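Chemist: My questions will all concern the structure given below.
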Amino acid sequence: MKLYEFFSVPDGSNTDKEALNKSHKTETEREKLASDVYWFILDHDRLHKEHFLPMAMKMHEDFKKNKKLDREKYTECWQPMVEDGCLEFFKKNKMKGNPKKVFDENFCKGICRRLAERHVQDIIKGEYKLGD
């Protein structure tokens, strides 16, 4: 038996179980959503053309000039791509609610960190064909 079944409103008003469940997403569900969005972004051609390639070229050039890796700066660079990807994911999956609440700041930062961990080293090494 669920807790909301014990504490239902006695005056007969109907509490929406689905809305209640959505507002209390478990950590596992959030991690799955983050993973789904992460892979959606990785597989999205338009996001790569508009965001990844220009950002990767800039990162590579900055690193060649400065020979220094600023992890925080490189992690923040992913924010526009992640925000665009989250919004596209939201629309494609016909999700309900406010996308800014579903994909809050911590959620987006987590995806940015994952993308940075996966790609920054390869970008600064010149692993990608960036038009040099």
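The values are calculated or read from the model by the stated rules, or taken from the named source; none is laboratory data. Computed from a predicted structure; not experimentally measured. Glycine also receives a Cβ, built like all others from the backbone with ideal geometry; neighbour counts cover every protein chain displayed.
Chemist: Which pairs do you get when a residue that is more than 15 Å from Lys91 (Cα to Cα), found in the stretch 32-48, comes within reach of a residue that is among the hydroxyl-bearing types (Ser, Thr, Tyr) and surrounded by fewer than 18 Cβ atoms within 10 Å (Cβ to Cβ), reach meaning Cβ atoms under 9 angstrom, with the pair 6+ apart or on two chains?
Modeler: none
Chemist: Let me ask another. Just to be sure I understand, how many residues within the stretch 49-89 are more than 14 Å from the chain's Cα centre (by Cα) and surrounded by fewer than 17 Cβ atoms within 10 Å (Cβ to Cβ)?
Modeler: So the count comes out to 17.
Chemist: A further question on this structure: Consider Phe40 against the criteria (1) in contact with a Leu (Cβ under 8 Å, 6 or more places away or on another chain); (2) at pLDDT 90 or above: it satisfies all of them except one. Which criterion is unmet?
Modeler: If we test Phe40 against (1) in contact with a Leu (Cβ under 8 Å, 6 or more places away or on another chain); (2) at pLDDT 90 or above, just (1) comes out false.
Chemist: To continue, here is another question. Considering the stretch 95-132 alone, what residues qualify as being part of a helix (DSSP H, G or I), aliphatic (A, V, I, L, M) and modelled with pLDDT of 80 or more?
Modeler: Correct list: Val102, Ile111, Leu115, Ala116, Val120, Ile123.
Chemist: For the stretch 91-119, which residues satisfy the criterion of being on the phi > 0 side of the Ramachandran plot and in contact (Cβ under 8 Å) with a residue 24 or more places away in the chain? Full working, then the answer.
Modeler: Step one: list which residues in the stretch 91-119 are on the phi > 0 side of the Ramachandran plot, which gives 94, 97.
Listed by number, the list holds a single entry, Gly97.
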